[in-house]
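The values are calculated or read from the model by the stated rules, or taken from the named source; none is laboratory data. All values derive from a computational prediction rather than experimental measurement. All Cβ positions, glycine included, derive from the backbone under ideal geometry; neighbour counts span all protein chains shown.
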Amino acid sequence: MAHLNVTFIGLNRMTGSMGLALKRYERKGGKHQFTITGHDYNTANEKEAQKMDAIDHGDHDLGRSVSAADLIVLAASYEDVEETLKLIAGFLRDGAVILDMSPLKEPSLRYATKHLSDEQHLVGITPIVNPKHLFDNDNSLENAAEDLFDDSSILLSPGASCIKAAVDLAFNFCSIVGSKPRFLDPLEHDAVLGMTEGIPRLLGVALFQMLMEHPNWQDMGWFTNPGFASLTRPLFDIHPDALRDEFLSNSDAMSRGLDQLIHALQSYRDLLREQDKDAIEAAMVTTSAHYEKWVNARHQANWDENAKMPEVDRNQTILNTLFGSAISKRFGGNKGD
């Protein structure tokens, strides 16, 4: 049995759900025990997380909150990630492992090399949520759920120099909260997530900017419903500086994605101008069929058989050395243990 001190930096739906999942694991007799500390710039979130039993206690002092931690889940706003790593480095114990939830992994790995010691380790993680919650985009702490990571995966993106024990600890932690961890090279991660998360965010920003500059926006703004709010929600959930840094730091992948999106939009514009009913209908039918297939695949959640990772050059990545790694001696055991 191991006892681990876990600290969440940033309390939101993801970290709150991790805390609830750890509590569920303990209730079911899991052989490991956790003491969970929560830190957030908003003390109300610390109090709320403790009230909902996602953490054991809050600590508004950043350095003190991580000083005894074996594992730190970093969920700071993206524009604050480097500064946060810089601030906590002097307080971390040797052997501490940081699970970085930033939307991009390559920049965070560079920050870790710059600011952390050789005895402090960072592994990038990206949760892919339970299909049960796929259409729920409320990322507030109050919407945390203990099953958020069940029947899905957490992507692990360690750096090439990350030690095996740190990767094993990250792998087993992600298993305990309910997921099937999978490895994805940091560069490949940023390219893929730039398409599935970055482009939709930028599309929402661009749409809102276009409409707010419309001369009739003051009237149009009243005629809005959940579809519009869902698409533009990143402007509510994410700090403008975080959006700026995310887009700029992944500019190559975002630019390629935008070129493809612009081409698709121009094609639809031309079909609409030409009133090409048959072509538009064919596009809707084909796209709807593929969409249904995607939703069904996500709900089947058969990651082992169906969820293949993107092809990457194994000579340029660490994937081949990490797949199948043994569970850490310090934190051994299977997900259900």
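A Cβ distance below 6 Å, combined with a sequence gap of six or more or placement on separate chains, defines the contacts here; from segment 12-41, residues that are without any contact (Cβ under 8 Å) to a residue 40 or more places away in the chain reach residues that are surrounded by fewer than 21 Cβ atoms within 10 Å (Cβ to Cβ) and in a helix (DSSP H, G or I) in the pairs His39/Leu62.
Where residues in segment 2-11 are in contact (Cβ under 8 Å) with a residue 40 or more places away in the chain and not hydroxyl-bearing (Ser, Thr, Tyr), which of them is surrounded by the fewest Cβ atoms within 10 Å (Cβ to Cβ)?
Start the filter on segment 2-11 by keeping residues that are in contact (Cβ under 8 Å) with a residue 40 or more places away in the chain, which leaves 2, 4-11.
Cutting the leftovers down to not hydroxyl-bearing (Ser, Thr, Tyr) gives us 2, 4-6, 8-11.
Values: Ala2: 16, Leu4: 18, Asn5: 18, Val6: 22, Phe8: 31, Ile9: 28, Gly10: 22, Leu11: 28.
The selected residue is Ala2.
Residues in segment 2-18 that are in contact with a Phe, Trp or Tyr (Cβ under 8 Å, 6 or more places away or on another chain) and assigned to a strand (DSSP E or B): His3, Leu4, Asn5, Val6.
Residue by residue, here is whether (1) within 30 Å of Ala76 (Cβ to Cβ); (2) among the aromatic types (Phe, Trp, Tyr) holds:
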residue	(1), (2)
Phe208	yes, yes
Thr224	no, no
Leu235	yes, no
Glu246	yes, no
Trp294	no, yes
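Leu207 meets each of the listed conditions (1) touching a Ser or Thr at 6+ places or on another chain (Cβ under 9 Å); (2) of a type outside the set (Lys, Arg); (3) surrounded by 18 or more Cβ atoms within 10 Å (Cβ to Cβ); (4) farther than 20 Å from Ala96 by Cβ apart from (3).
Hey, any hits in segment 184-193 for a residue that's surrounded by fewer than 13 Cβ atoms within 10 Å (Cβ to Cβ) and part of a helix (DSSP H, G or I)? Explain how you work it out, then say what you get.
To start, the set of residues in segment 184-193 that are surrounded by fewer than 13 Cβ atoms within 10 Å (Cβ to Cβ) comprises none.
Checked against the condition, which is being surrounded by fewer than 13 Cβ atoms within 10 Å (Cβ to Cβ) and part of a helix (DSSP H, G or I), segment 184-193 yields no hits at all.
Number of residues in segment 114-135 that are assigned to a helix (DSSP H, G or I) and surrounded by fewer than 18 Cβ atoms within 10 Å (Cβ to Cβ): the value is 3. So which residues in segment 216-231 are without any contact (Cβ under 8 Å) to a residue 60 or more places away in the chain, closer than 25 Å to Ile199 by Cα and not hydrophobic (A, V, I, L, M, F, W, C), if there are any at all? Hits for segment 216-231 are Gly221, Thr224, Asn225, Pro226, Gly227.
The conditions of being of a type in the set (Gly, Ala, Ser), part of a loop (DSSP other than H, G, I, E, B), in contact (Cβ under 8 Å) with a residue 12 or more places away in the chain and within 25 Å of Asp70 (Cβ to Cβ) are not met by Ser157.
Checking Asp138 against (1) surrounded by fewer than 18 Cβ atoms within 10 Å (Cβ to Cβ); (2) at pLDDT 95 or above: exactly one of these is not met. Which one? So the condition that Asp138 fails would be (2). Applying the criterion of at least 3 residues that are modelled with pLDDT of 95 or more, within 22 Å of the chain's Cα centre (by Cα) and aliphatic (A, V, I, L, M) to the helices (runs of 4 or more DSSP H) found wholly in segment 19-93 leaves 81-88. Taking the stated definitions as given, is His263 closer than 24 Å to Met18 by Cβ, assigned to a helix (DSSP H, G or I) and not basic (Lys, Arg)? Answer is no for this residue.
Against the list (1) crowded, with 18+ Cβ neighbours inside 10 Å; (2) within 19 Å of Thr15 (Cβ to Cβ), the condition Leu109 fails is (2). Among the residues of segment 194-229, those identified as among the charged types (D, E, K, R) and either closer than 22 Å to Arg256 by Cα or in contact with a Leu (Cβ under 8 Å, 6 or more places away or on another chain) (or both) are Glu197, Arg201. Given the options Ile154, Ile163, Ile176, name the one that is β-branched (Val, Ile, Thr) and within 19 Å of Gln33 (Cα to Cα). Just one listed residue meets the conditions, Ile176.
Starting from residues that are acidic (Asp, Glu) and either touching a residue at least 24 places away in the same chain (Cβ under 8 Å) or not in a loop (DSSP other than H, G, I, E, B) (or both), keep the ones in segment 136-154 and report whichever is nearest to Asn5 (Cα to Cα). First the steps, then the outcome.
Restricting attention to segment 136-154, the residues satisfying the condition of being acidic (Asp, Glu) are 136, 138, 142, 146-147, 150-151.
Right, trim to either touching a residue at least 24 places away in the same chain (Cβ under 8 Å) or not in a loop (DSSP other than H, G, I, E, B) (or both) and you get 138, 142, 146-147, 150-151.
Details: Asp138: 28, Glu142: 23, Glu146: 19, Asp147: 22, Asp150: 23, Asp151: 26 Å.
By that ranking, first place goes to Glu146.
Considering only residues that are over 17 Å from the mean Cα position of the chain (by Cα) and in a helix (DSSP H, G or I), which ones fall in segment 219-234? Walk me through how you get there before you give the answer.
Going residue by residue through segment 219-234, those that are over 17 Å from the mean Cα position of the chain (by Cα) are 219-232.
If the condition is that a residue be over 17 Å from the mean Cα position of the chain (by Cα) and in a helix (DSSP H, G or I), then Asp219, Met220, Pro226, Gly227, Phe228, Ala229, Ser230, Leu231, Thr232 are the ones that fit.
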